[in-house]
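Novice: Encoded as structure tokens, here's the structure I'll be asking about.
The values are calculated or read from the model by the stated rules, or taken from the named source; none is laboratory data. Just so you know, these numbers come straight off a predicted model, no measurement behind them. Here Cβ is always computed from backbone atoms with ideal geometry, including for glycine, and neighbour counts include all displayed protein chains.
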Amino acid sequence: MVLDTGKGTGRTLDDLVKSAHRVGSAVETVIEGKAQAVRVALTVLLAEGHLLIEDVPGVGKTMLAKTLARSTDCTVRRIQFTPDLLPSDITGVSAYNQERREFEFKPGPIFANIVVGDEINRASPKTQSALLECMEERQVTVDGQTYPLAPPFMVIATQNPIEMEGTYPLPEAQRDRFTARISMGYPSGEAELAMMDSHGSFSPLEALEPVASAADMQELIAAVRKVHVAAPLKEYVISLVTATRTSPELRLGASPRATLHLLRASRAWAALDGRDFVIPDDVQSLAMPVLAHRLLPSTEALGARRLPEQVLPAIVERVPLPTLR
Amino acid sequence: MNFRLTIASALATTAASFALIPVVQGGGWWWAGLGATLVAALVGTLTRVRKIPAVLCLLAGLVAECLYLNALFAGSQSWRGFIPTGRSLRAVGVLIRGATTEMAKYAPPVQARLGMSLVIAAGIAVTAVVTDLIAVRLQRPALAGLPLLVLFCVPLTTSADTHGFGSAFVFCLAMAGYLTLLAADGKSRLRVWGQIVRRYDYDDDEAPPPDTRLIGAAGRRLGFTAVILAVCVPLLLPGLRHHPLFGNSGTGHGGSAPLSLPEPLVQLNRQLRAHSPQTVLTYHSTAQLPPYLQVYVLGRLGTATWSLAPPGRTVPLGSGPLPPVPGLRTGSKAVTVLETISLGSTLTSAPQTLAYLPLPYPSRTIQVNGDWRVDDNTLTAVTVGTRLAGLQYSVSSLALDPSQATLNQVTGPTAAVAGYLEYPQAFASLRRLARHITVGAPTPYDKAVALQNWFRKPGNFTYTLKVSPSQTPDALINFLTKSKKGYCQQFAFGMAVLARLLNIPSRVVVGYTQGSPIGHGNWRVTTSDAHAWPELYFQGAGWLRFEPTPSASPGHPGQATAVPPIYTAPKSGNVSRNGRHASHSPSPEPTGQAGRRGPNKGNLDKLRHLSVPQSGGGAVRQHHQSRPPVGPIALVVLGLLVVTPGAARPITRRVRWLRASGDAERAHAAWLGLRDDLADHRIGSRPSETPRALAGRLRVDLHLTPIEGDALDRIVHAEERAGYAPSAADSALLHDDVRMLRSAMARACPILDRAAAVFAPASVLLPARRGMSAAFDAFDAFGRIDLLGARLRAKVRRRSPGLSTRT
């Protein structure tokens, strides 16, 4: 497949996809039995989005983020969110340099290719919104000075849905900024057995070598942007999103931003398949991770114990494929 | 307080009260009944303000109704116009006694005099009170149907005429009332059932009530369908149908007549227009072409119409020989025809109605059970109360065949038949026409034949049932001079009137033609053989039948079994109708071989052609007008319907493939073909199923071989590229791939599904089914009503936001 990546390197999409798959395989050596989660994470990275991982402690949320960062030879910073964390602890501060007699900007942990925000719901809303602003704008403004964030830039935030005491759950507007949300889930018995063997004597994360450079990832992201999306497929995405807005079981449907995220992620998903065009399967595969966290169930649906996770598959099942002529 | 049910209950009672219309003449009683219903509703509502025992509610209702009826019918004798006094009660008593006497004396419909109105209004009042009590107070609307049924059954249990469109309309009204009552109750109940159990309390007052419109619409559809079935099924089932024959359906002549007279012309029209012919009688005859069967003789020509001939002296049958044949010279030669007649077993007759026996004219002996009397004027046999269904009787009659000499010697009418020459002045204008037609005819008989020929002349008149059965002079003049379109009634009237204008005594006979032969000398007469014809009187020859109505022939509509009498045939000779019994011919004309095959032979052949060879039950398929062969056409259409889907499938497949040009279109054609094949084999696919997902499923379900799997992948890949990629994939192999997969489907499917794929492919039937369902939706009045209602409600809600959304 010869898809111009726009970087003038002459590399085909196939080559780039191979390196992406190498990244995926590398991550899977550390995070065992979670191929789907790894693929979504990689998709979000290539779609220039941000990932929200919601799960109980100890299932490998942070490990996934770290592994992804290390295998792509990207800079990675981890922020542990606590209630007393300040926005400047994330963005950085301007400190007065006595020698130079001027203010000097000390970049915060946000200045990395991959930022891992652990337990994001423990920070105050003010801090959360500082992070989310950086996510959206891909730049930091401190004391009137704007500092762009180097691409690729991806925030992987984790959230623990069990211990909700003393937390600030992300409001809908902020959840909407995450391209996808995944749950790691417990590993299977076999995967856990393999994990005991591999993690028992040494840390596989330490042994992990980068398999793709940040430049490779950049090139791949550029290639993903050029993946072809046919008009019927755009219509299909619109129908799917509209169906979430009109469903009586949902109080809040997907936003136009969700439409863009879904299309962008579908492009990346197709590219990971080695395809230079998006098909409805890509959209259907990504509907759950990309849309579910943005939807709010109606009171009736709540009464019937139907969460968006149950409503969404029914909507996907109901919306017909576009008619091709 | 359930106002909805109260109103529905009052409506149901009012609708059921329409059922009394056939019983009573005059409309005053209905308004009194409506008032009684309103009083019942009002008092019922008042008694439900406080919860008092149901018995007290009933008593209160009855007392209020008594006051109301007293005020209405004896207000002037009451104190303050409505409090009953001794005088008013006595007046009411007198009225009731009078009504009771009238009811015992007269058959329905009775005149709605004051007493009768009081009794009927009282009946409606009691029904209204009981219905209101059961439906609203006791909350059992379904049971409230019982008092309504009592009201509805009144005309059924009396001998009131309950046929026709009116009864269907009344039935529909009553049903609509009852269904409204049920619907009003259903709506209240659904509100209770349909409540969604809510986990969270939220602004409950503002919450809309559960949407029960769909259930309501379904209920209305069911009710509507039930009513339609109740109205239509009796029309289609022959067993549930009354046969309006021989005077049993006479409407009577008001409440003053103890005995109802039949309405021959009404019956004639009803039978001629019957949806499907019913067998009236079958008979065996010794004649080759038996005579017509007369039932009614209409001898009186009034300003409005023809009515039954004035009765002469009647003699009981069996008490001696039958009266002599009027006008027939003694010693006239005639052949005797013997007939054994069996009336149909489904005939009904009302107890207080004159019934006439179908007889050939002139009959000489009649052997029949029951109390029969014979009129010496018309030789008709009448009875009251004898059961007609299945009646068997034997008749011998004379086959009149007057000689030309007799007919030439006809003298002027005698005083005995002077009544048959009277006509109203309205017809006088036709005298010129009558003379014009009979120019050159010297004798009265020649004139009569000239009249018949004028009516039967091809192209002169058109036979059609699609004309008004009006019997007024104007209508007849219009028929004779302008429209020239009609059926036997107009032809018979026309000829009889013209004959009277020419001073020939005439009358109209209503009865049946000889019917159609069913083999071995047996004949069958059906309702479509009902007929009217003129009889003209010639001194010495008696009453002779003429046939002005055209007979049906290919391309020319007419009465199917009408045959002109032999003595009116042109002078080509004639043959006796009695076949081998004919020992002579009184005609002076030579009777050659050609004459033997004369008009009657031709007529007989035609009748044989019309008849059905077997004599089993069921109506003979013969009509007055030539009709297309419905049966074979229906069979062909049915056959086509069965064969078409299977035949259409390969064609649609081929056409789709041929129309596809380019890789992308061929890929789509292959994919659609695959989907259709799946539908045909009852495997199916969901509209949201992607090609890839479908392929994954098929690979497992159909146990595809690797080669077939590759074929499937090629189709899927081609479809994906054609639909979503910038360029399409190569389509060279797709046609064969689809065929290969079709065989794989056939291999994997059970035999029934395989057969369905060949003979009834769903891909062909589904669009047809969708079309039908769309058509049904388009005609779904209830759905539209619901939609309209919803829109109106939404509009009202928008305009007045303060209103509660609960309705």
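Novice: With B:TYR445, B:TYR420 as the choices, which residue is in contact with a Gly (Cβ under 7 Å, 6 or more places away or on another chain), assigned by TED's automatic domain parsing to the domain that holds B:ALA541, in contact (Cβ under 8 Å) with a residue 40 or more places away in the chain and part of a helix (DSSP H, G or I)?
Specialist: None of the others qualify; the one that does is B:TYR420.
Novice: Is it true that A:ARG225 is away from every other protein chain (no Cβ under 14 Å), in contact with a Lys or Arg (Cβ under 9 Å, 6 or more places away or on another chain) and at pLDDT below 90?
Specialist: Answer is yes for this residue.
Novice: Something else: Identify, please: which residue in region A:72-96 is polar (S, T, N, Q) and at pLDDT 85 or above and is, among those, farthest from the chain's Cα centre (by Cα)?
Specialist: A:SER88
Novice: Would you mention how many residues in region B:416-438 are buried (at least 16 other Cβ atoms within 10 Å of the Cβ) and either among the hydrophobic types (A, V, I, L, M, F, W, C) or on the phi > 0 side of the Ramachandran plot (or both)?
Specialist: Going through region B:416-438 one residue at a time, the tally reaches 7.
Novice: Would you mind finding the one in A:VAL311, A:VAL316 that is modelled with pLDDT under 90 and either in a helix (DSSP H, G or I) or not aliphatic (A, V, I, L, M) (or both)?
Specialist: A:VAL311
Novice: For region A:310-324, how many residues meet the condition of being more than 7 Å from chain B (Cβ to nearest Cβ) and either touching a Phe, Trp or Tyr at 6+ places or on another chain (Cβ under 9 Å) or under 27 Å from B:ARG656 (Cβ atoms) (or both)?
Specialist: The qualifying residues number 2.
Novice: Inspect region A:89-104 for any residue being surrounded by 20 or more Cβ atoms within 10 Å (Cβ to Cβ), touching a residue at least 40 places away in the same chain (Cβ under 8 Å) and within 30 Å of A:GLY24 (Cα to Cα) and give the result as yes or no.
Specialist: Looking for residues that are surrounded by 20 or more Cβ atoms within 10 Å (Cβ to Cβ), touching a residue at least 40 places away in the same chain (Cβ under 8 Å) and within 30 Å of A:GLY24 (Cα to Cα), one finds at least one in region A:89-104, hence yes.
Novice: Of everything in region A:261-309, what is at the interface with another protein chain (Cβ under 10 Å from one of its Cβ atoms), closer than 22 Å to A:ASP15 by Cβ and among the charged types (D, E, K, R)? Give them in sequence order.
Specialist: A:ARG275, A:ASP276, A:ASP282
Novice: If I go through region A:197-218 residue by residue, how many of them are outside any loop (DSSP other than H, G, I, E, B) and farther than 16 Å from A:MET154 by Cβ?
Specialist: So the answer is 9.
Novice: Also, I was wondering about something else. Across region B:654-683, what is the total count of residues that are of a type in the set (Phe, Trp, Tyr) and either over 14 Å from B:LEU734 (Cβ atoms) or out of contact with any Asp or Glu (no Cβ under 9 Å at 6 or more places or on another chain) (or both)?
Specialist: So the answer is 1.
Novice: Further, regarding this structure: With the structure loaded, tell me whether A:ALA194 is in a helix (DSSP H, G or I), among the small types (Gly, Ala, Ser), without any contact (Cβ under 8 Å) to a residue 60 or more places away in the chain and assigned by TED's automatic domain parsing to the domain that holds A:GLY33 or whether it fails that test.
Specialist: no
Novice: Could you count how many residues in region B:710-730 are more than 14 Å from chain A (Cβ to nearest Cβ) and at pLDDT below 90?
Specialist: 1
Novice: Let me ask you something else. Do you know which of the residues in region B:682-692 that are in contact with a helix residue (DSSP H, G or I) (Cβ under 7 Å, 6 or more places away or on another chain) and within 15 Å of A:SER285 (Cα to Cα) is farthest from the other protein chains (Cβ to nearest Cβ)?
Specialist: Residue satisfying both the conditions and the ranking: B:PRO691.
Novice: Please specify each residue of region B:714-747 satisfying the condition of being in contact (Cβ under 8 Å) with a residue 60 or more places away in the chain and over 18 Å from B:ARG653 (Cβ atoms).
Specialist: Hits for region B:714-747 are B:ALA728, B:ALA729, B:ASP730.
Novice: Also, quick follow-up: Quick one: which residue in B:ARG697, B:ARG666 is part of a helix (DSSP H, G or I), buried (at least 18 other Cβ atoms within 10 Å of the Cβ) and of a type outside the set (A, V, I, L, M, F, W, C)?
Specialist: Result: B:ARG666 is the single residue among B:ARG697, B:ARG666 that is part of a helix (DSSP H, G or I), buried (at least 18 other Cβ atoms within 10 Å of the Cβ) and of a type outside the set (A, V, I, L, M, F, W, C).
Novice: Can you name the number of the only condition in (1) in contact with a Phe, Trp or Tyr (Cβ under 8 Å, 6 or more places away or on another chain); (2) under 25 Å from B:ARG50 (Cα atoms); (3) modelled with pLDDT under 85 that B:ASP185 fails?
Specialist: (1)
Novice: Now a separate question. Looking at B:ALA64, B:ALA91, which one is buried (at least 17 other Cβ atoms within 10 Å of the Cβ) and within 28 Å of B:GLY177 (Cβ to Cβ)?
Specialist: Just a single option satisfies the conditions, and that option is B:ALA64.
Novice: Specify which of the listed residues (A:PRO107, A:PRO83, A:PRO125, A:PRO57) is surrounded by fewer than 19 Cβ atoms within 10 Å (Cβ to Cβ), touching a strand residue (DSSP E or B) at 6+ places or on another chain (Cβ under 8 Å) and not aromatic (Phe, Trp, Tyr).
Specialist: Just a single option satisfies the conditions, and that option is A:PRO107.
Novice: Another question about this same structure. Within region A:228-255, track down each residue that is aliphatic (A, V, I, L, M), in contact (Cβ under 8 Å) with a residue 40 or more places away in the chain and either under 24 Å from A:MET154 (Cα atoms) or within 14 Å of another protein chain (Cβ to nearest Cβ) (or both).
Specialist: Within region A:228-255, A:VAL229, A:ALA230, A:LEU233, A:VAL237, A:LEU240, A:ALA243, A:ALA254 meet the criteria.
Novice: Further question on the same structure: List the pairs whose first member sits in region A:272-284 and is within 18 Å of A:LEU45 (Cβ to Cβ), whose second member is of a type in the set (Phe, Trp, Tyr), and whose Cβ atoms are under 8 Å apart, counting only residues at least 6 apart or on separate chains?
Specialist: A:VAL278/A:TRP269; A:VAL278/B:TYR724; A:ASP282/A:TRP269
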